[in-house]
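Engineer: Okay, here's the structure, questions in a sec.
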Amino acid sequence: LPSVATVGIGGYVVIFNRGASPIKVYGAGSDTIDGTAGATGVTLTNALRCEYYATAAGTWLSAQLGAVSA
């Protein structure tokens, strides 16, 4: 993900994983995703999408959405 400082608080990023395997999503620098260090990353399962919201300085919260349509 881009840094929260770049996107701005209240901004968001959507990631679609249309691949056959899960992917890792990483935060920039010291940003966290759902309380997890950005360098550790969080998993986004294949065939799903997720919105990441910048809620505070250095803080992303995720909202995973259902499978993509065929």
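The values are calculated or read from the model by the stated rules, or taken from the named source; none is laboratory data. Quantities reported herein were computed from a predicted structural model and do not represent experimental measurements. Ideal geometry is used to build each Cβ from the backbone, glycine not excepted, and the neighbour counts take in all protein chains shown. Areas reflect the complete protein model, heavy atoms only, side chains present, ligands, DNA and RNA absent. Shrake-Rupley method; radii C 1.70, N 1.55, O 1.52, S 1.80 Å.
Engineer: Counting just the residues of segment 40-53 that are surrounded by 15 or more Cβ atoms within 10 Å (Cβ to Cβ) and outside any loop (DSSP other than H, G, I, E, B), which one comes out modelled with the lowest pLDDT?
Structural biologist: Result: Leu48.
Engineer: Modelled with pLDDT of 95 or more and either surrounded by fewer than 14 Cβ atoms within 10 Å (Cβ to Cβ) or out of contact with any His (no Cβ under 9 Å at 6 or more places or on another chain) (or both), is that true of Ala57?
Structural biologist: Yes; evaluated as a whole, the condition is true for this residue.
Engineer: Still on this structure: Condition first: under 14 Å from Pro2 (Cα atoms) and either of a type outside the set (Gly, Ala, Ser) or under 8 Å from the mean Cα position of the chain (by Cα) (or both). Now tell me which residues in segment 40-54 satisfy that.
Structural biologist: If the condition is that a residue be under 14 Å from Pro2 (Cα atoms) and either of a type outside the set (Gly, Ala, Ser) or under 8 Å from the mean Cα position of the chain (by Cα) (or both), then Glu51, Tyr52, Tyr53 are the ones that fit.
Engineer: Which condition from (1) in contact (Cβ under 8 Å) with a residue 40 or more places away in the chain; (2) among the charged types (D, E, K, R); (3) open to solvent by less than 60 Å² (accessible area, probe 1.4 Å) is the one that Arg18 breaks?
Structural biologist: Status for Arg18: all satisfied but (3).
Engineer: How many residues does segment 43-70 contain that are touching a Lys or Arg at 6+ places or on another chain (Cβ under 7 Å) and without any contact (Cβ under 8 Å) to a residue 24 or more places away in the chain?
Structural biologist: Count: 2.
Engineer: Identify, from the list Ala28, Ala37, the residue that is surrounded by 12 or more Cβ atoms within 10 Å (Cβ to Cβ), more than 10 Å from the chain's Cα centre (by Cα) and either over 11 Å from Leu1 (Cβ atoms) or free of Cβ contacts under 8 Å to residues at least 12 places away in the same chain (or both).
Structural biologist: Ala37
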